[in-house]
1. Select from segment 19-40 the residues that are within 13 Å of ligand 1 (Cβ to nearest atom) and of a type in the set (D, E, K, R) and write down the one among them that is least open to solvent (accessible area, probe 1.4 Å).
2. Looking at this structure, is PHE79 aromatic (Phe, Trp, Tyr), within 16 Å of ligand 2 (Cβ to nearest atom), open to solvent by less than 20 Å² (accessible area, probe 1.4 Å) and touching a Gly at 6+ places or on another chain (Cβ under 8 Å)?
3. Considering each of GLU153, GLU134 in turn, give the residue that is part of a helix (DSSP H, G or I), open to solvent by 10 Å² or more (accessible area, probe 1.4 Å) and of a type in the set (Asp, Glu).
4. Quick one: which residue in LEU128, LEU178 is in contact with a helix residue (DSSP H, G or I) (Cβ under 6 Å, 6 or more places away or on another chain), open to solvent by less than 10 Å² (accessible area, probe 1.4 Å) and part of a loop (DSSP other than H, G, I, E, B)?
5. LEU201 versus (1) within 25 Å of ALA351 (Cα to Cα); (2) assigned to a helix (DSSP H, G or I); (3) open to solvent by less than 10 Å² (accessible area, probe 1.4 Å); (4) touching a residue at least 60 places away in the same chain (Cβ under 8 Å): which is the lone unmet condition?
6. Being assigned to a helix (DSSP H, G or I) and either open to solvent by 10 Å² or more (accessible area, probe 1.4 Å) or within 9 Å of ligand 1 (Cβ to nearest atom) (or both) is the filter here; which residues of segment 56-76 pass it?
7. Looking only at segment 170-189, count every residue that is within 16 Å of ligand 1 (Cβ to nearest atom), β-branched (Val, Ile, Thr) and farther than 17 Å from GLY251 by Cα and tell me the total.
8. Just to verify a result, which residue in segment 268-299, among those that are outside any loop (DSSP other than H, G, I, E, B) and within 16 Å of ligand 1 (Cβ to nearest atom), is nearest to PRO211 (Cα to Cα)?
Amino acid sequence: MILVTGGAGFIGANFVLDWLAQTDEPVLNLDKLTYAGNLENLATLQGDPRHVFVRGDIADGALLQRLLAEHRPRAVLNFAAESHVDRSIHGPEDFIQTNIVGTFRLLEAVRAYWGSLEGEAKAAFRFLHVSTDEVYGSLAPAEPAFTEQHRYEPNSPYSASKAASDHLVRAYHHTYGLPVLTTNCSNNYGPFHFPEKLIPLMIVNALAGKPLPVYGDGMQIRDWLYVKDHCSAIRRVLAAGRLGEVYNVGGWNEKPNIEIVLTLCALLDELRPRPDGKSYREQISYVKDRPGHDRRYAIDARKLEQELGWKPAETFETGIRKTVLWYLDHQEWVAHVQSGAYRDWVSKQYA
Ligand code: NAD
Ligand code: DAU
């Protein structure tokens, strides 16, 4: 089996669902169920013996030791993290704890477990660390996209904590020979995306008749990838990636934020027109910028494409339409995640 951490979050849950749709290899899913973790994302796996869920913290060394000894996974994939930049600006502590201390504890437990393996089991074992393009910092308009050689220049507490975790993973390979792989991916979107992030926030606010808060001038650029394409890239790197290597993952879809918001408005105008006949664009509201806001991210995914033959299946146009349709079809899921804690966050951030 494989051990997935953070498998009740946005990308982790998509990964677990896709994995079990493609193979019968069981998944041990370790997730702390923070505000971002949601077992409803995995509801279709209820009663499926191939999915074993454990609520727990990647920083809990004793729990990790026990789970690894009991379940003897052939690979560990680390998705667990605090992932929202705005929350890291309001309160960085949880980011340091989970993303740095948690990754360290996980590496320590995995190092001990891997050290106890022998022969083929030891040779085949993999630790795959899921990371982000934000560790590379911000690009000027004409600069080439981030390659794996780009220097680390993290600018937010979130990206700094992910950068630290990437360095630990690298060091465990260099120093202890741990068989690691790291992926640095661009912005994901798709089903089960928690509505504190740009795309799902805009969809749920639009449908609720609320303002669509665009930070600053809305001209910051992100490079968007449909979440299931990120999952297929991770499966490919796990299967064939070279040990100790880093693979950038992206879909060559650079877009300014305001273009994303206008695209969402146009799709909603078509699929769920406002009762008053006006466009959802009327709800766009420019608000105070994010402190230290990175201007542009862009991923050069040629290494992954050329070395491992990976390609995204979705264009931005097909992926974003699927995403809007998913949210329109899953209004109950949206209602459930908009708990009191979610409402507290929204009023704190957009007051
Ligand atoms: P998310 O916030 O939606 O989910 C994170 C999950 O981790 C949640 O289920 C949460 O309960 C769990 N978790 C948090 N702290 C934990 C802990 N201490 N122990 C165990 N579980 C814990 O995040 P996401 O968007 O799904 O991101 C997953 C990973 O992918 C993260 O490492 C993130 O840095 C990386 N990433 C995200 C994106 C993106 O666009 N969302 C892009 C590139 C990389
Ligand atoms: O690049 C990969 C990263 O993408 C991941 O590592 C992070 O985990 C993930 O959250 C995401 O980070 P961003 O900060 O790019 O995503 P977010 O959805 O928060 O914001 C996307 C852009 O939209 C960013 O430029 C800020 C802007 N924005 C965001 C929100 C929530 C707005 O203009 N208004 C908003 O209300």
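The values are calculated or read from the model by the stated rules, or taken from the named source; none is laboratory data. Here the structure is a predicted model, which is why all the values come from computation and not from measurement. Glycine also receives a Cβ, built like all others from the backbone with ideal geometry; neighbour counts cover every protein chain displayed. Note: areas computed on protein heavy atoms with side chains; ligands, DNA, RNA excluded. Shrake-Rupley method; radii C 1.70, N 1.55, O 1.52, S 1.80 Å.
1. This residue is ASP31.
2. Numbers: aromatic (Phe, Trp, Tyr): yes; within 16 Å of ligand 2 (Cβ to nearest atom): yes; open to solvent by less than 20 Å² (accessible area, probe 1.4 Å): no; touching a Gly at 6+ places or on another chain (Cβ under 8 Å): yes.
Considered against the rule, which asks whether it is aromatic (Phe, Trp, Tyr), within 16 Å of ligand 2 (Cβ to nearest atom), open to solvent by less than 20 Å² (accessible area, probe 1.4 Å) and touching a Gly at 6+ places or on another chain (Cβ under 8 Å), PHE79 comes out as no.
3. GLU134
4. Numbers: LEU128 fails: part of a loop (DSSP other than H, G, I, E, B).
Selected residue: LEU178, the only one of LEU128, LEU178 that is in contact with a helix residue (DSSP H, G or I) (Cβ under 6 Å, 6 or more places away or on another chain), open to solvent by less than 10 Å² (accessible area, probe 1.4 Å) and part of a loop (DSSP other than H, G, I, E, B).
5. The single condition LEU201 does not satisfy is (4).
6. Narrowing segment 56-76 to residues assigned to a helix (DSSP H, G or I): 61-71.
Residues satisfying the conditions are GLY61, ALA62, LEU63, GLN65, ARG66, ALA69, GLU70, HIS71.
7. Total meeting the criteria: 2.
8. Only one residue tops the list, namely ARG296.
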